[in-house]
1. Modelling each spin label as a point 7 Å along the Cα-to-Cβ direction, I'd like the Ala263/Glu151 distance in nm, to one decimal.
2. Where the only charges are on Cβ atoms (+1 Lys, Arg; -1 Asp, Glu), what is the dipole of region 264-429 about its Cα centre, to the nearest 20 debye?
3. What percentages make up the Cα-Cα pair-distance distribution of the chain when the bins are 20 Å wide from 0?
4. Treat each spin label as a single point 7 Å out from the Cα along the C-beta direction, and report the Ala288 to Asp385 distance in nm.
5. Starting from the Cα of Thr301, move 7 Å in the Cα-to-Cβ direction to define the label point; list residues of region 334-363 whose amide nitrogen is under 13 Å from there.
6. Contour minus end-to-end for Trp66 and Thr412, with contour as 0.36 nm per residue of separation and end-to-end as the Cα-Cα distance?
7. At q = 0.20, 0.29, 0.31 Å⁻¹, what log₁₀ I(q)/I(0) does a Debye calculation on the Cα points of region 375-430 give, no solvent, two decimals?
8. In the chain, with Lys and Arg counted as +1 and Asp and Glu as -1 at Cβ, which of these residues, Leu85, Val56, Gly357, has the Cα nearest the positive end of the dipole, that is, farthest along it?
Amino acid sequence: MPASRLDRYSTVAIVLHWLIAAAIVLQILLAWRMDDLHTPLGFALTQLHKSVGITVLFLSLARLGWRLANPPPPMVGLTGWERALAHITHIGFYVIMIGMPLTGWIMVSASRIAIPTLLYGVIPWPHVPGIAELAPAAKTGWREFGHESHEWLAYGAYLLIGLHVAGALKHQLFDRDQPVLARMAPGAKPGRWFDPRLLAIAGGALVVLAFAEFLKPPLPASAPAAPTAHDEMEMDEAPAAKPASAAPAAGAAPAAAPAAMAAPQPLSHWAVAPGSTLGFATTWGGQAIEGRFDTWTADITFSPDQLDKSKVSVSIDIASIKTGDAQRDDSLPSADWFDAASHPKATFVADRFEKTGEERYVAKGKLTLRGVTKPLSLPFRLKIDGDKARMSGVTTLDRTAFGVGQGEWQATDQIPAGVKVSVKLTATRK
Ligand code: HEM
Ligand code: HEM
């Protein structure tokens, strides 16, 4: 580094000052837009707020280290109280620059649902070691501490920014002989109202404002539907007007006989083929969310002609949930949602089947989810072709009846109670 100059900050200090200043103003504006963290937009803005906040932490530590090694230029020409006020403001700023990210980090680490932090959607960022694993009561204490201090530091930041900018402007606009702005924006001429440096700072502030106000962060996405082997068969469509009894063309084989006349089906065990899907659909703040469970098994004993002896049990691995957003997927197994630690599996056992129409049935049984067992009916369509069966069914269940969504997530204004569950599978006779 060149020998330190007495009339201005070093270039490193200047670059860090303006980067940190822009990021802090951005943080405050983003925070004002976050309001409701339970909406998809609030969630996405909070993810960005966390990312920028952690960036500020690193920049500020770098700034502090640089400052300790490279003391700032001496303050000359200021009166005693001006110097004292500037010192207090600067120290206060360091408390804010480091304290805000730390309290924010504590707050999210102690959150009821441990939403993981992916900086800028890419870099995994841990929770404060020790806090996320604490018992709920201790966690609440940390959460409140983090929240309260984040809020108080925010008030402090508003005050300091007001004082700091007022001080810089006063010297720049009214004190011709005191180059203060020039120490942080070299070249600025004190006493000049439309100094290009000052205009650049004002322009920069407007850009940050517009960015924070109009930014549309990518909202958490939905799980892309897993490609299925039987998508070509739309079983949910109205029954195709397919003539079961083919026109009696000359020489038509009796194989074309109506299904009703086919030989009774034996009671068989069925193996679920790969490509079968177990999905669900809901909405969050009006935005459609589709998800699926990637790991589940089904034990199927079924014959359309021996419904009374048929039985199906499905076991679903809760942790295999996918909704298209890594951060959301990591939080869904937490205690506020599925509580996978205590209830790693959900099960559906159906032992009563009714035929409701041509290739249409309803399976009645019990769903156990998050430790709660409730009756559930699953209407489905089934087509058996030799040793291959294709089935699809859709039902709706009330997530609140199973305690999926605790605390503030119990409310159904953002995420409705009714969740549509759909199964599509192909199976082969064992
Ligand atoms: C809003 C976020 C801001 C923060 C957190 C901030 C923080 C700081 C800090 C900590 C210092 C002491 C020097 C250092 O260690 O870097 C400083 C100095 C300075 N800042 Fe800011 N600043 C902010 C915004 C601004 C703005 C908007 C202006 C101009 C309008 C400005 C003008 C200055 C000037 C001229 C100095 C040098 C003061 C001197 O030592 O004579 N700052 N700032
Ligand atoms: C320089 C860094 C930061 C600044 C200036 C800042 C500023 C703010 C402000 C002004 C608020 C609104 C406070 C209120 O009135 O309630 C806020 C809220 C919030 N901040 Fe930060 N923040 C920073 C860093 C962080 C970090 C690093 C995180 C997390 C890792 C974080 C997480 C949050 C959360 C979750 C809220 C919402 C709290 C609530 O539920 O009301 N912040 N932040």
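Where a number appears in this text, it was derived from the coordinates with a stated rule and is not lab data. In this text the structure is predicted, and so the values were computed from the model without any measurement. Neighbour counts run over all protein chains shown; Cβ positions are idealised from the backbone, glycine included.
1. 7.5
2. 520
3. Taking all Cα pairs of the chain, the binned fractions are 21, 37, 23, 14, 5, 0 percent.
4. 2.7
5. 350-352
6. Values: separation 346, 0.36 × 346 = 124.56 nm, distance 5.04 nm.
Fully extending the segment from Trp66 to Thr412 adds 119.5 nm.
7. Those come out to -0.75, -1.09, -1.15, one per q.
8. Ranked along the dipole, the leading option is Leu85.
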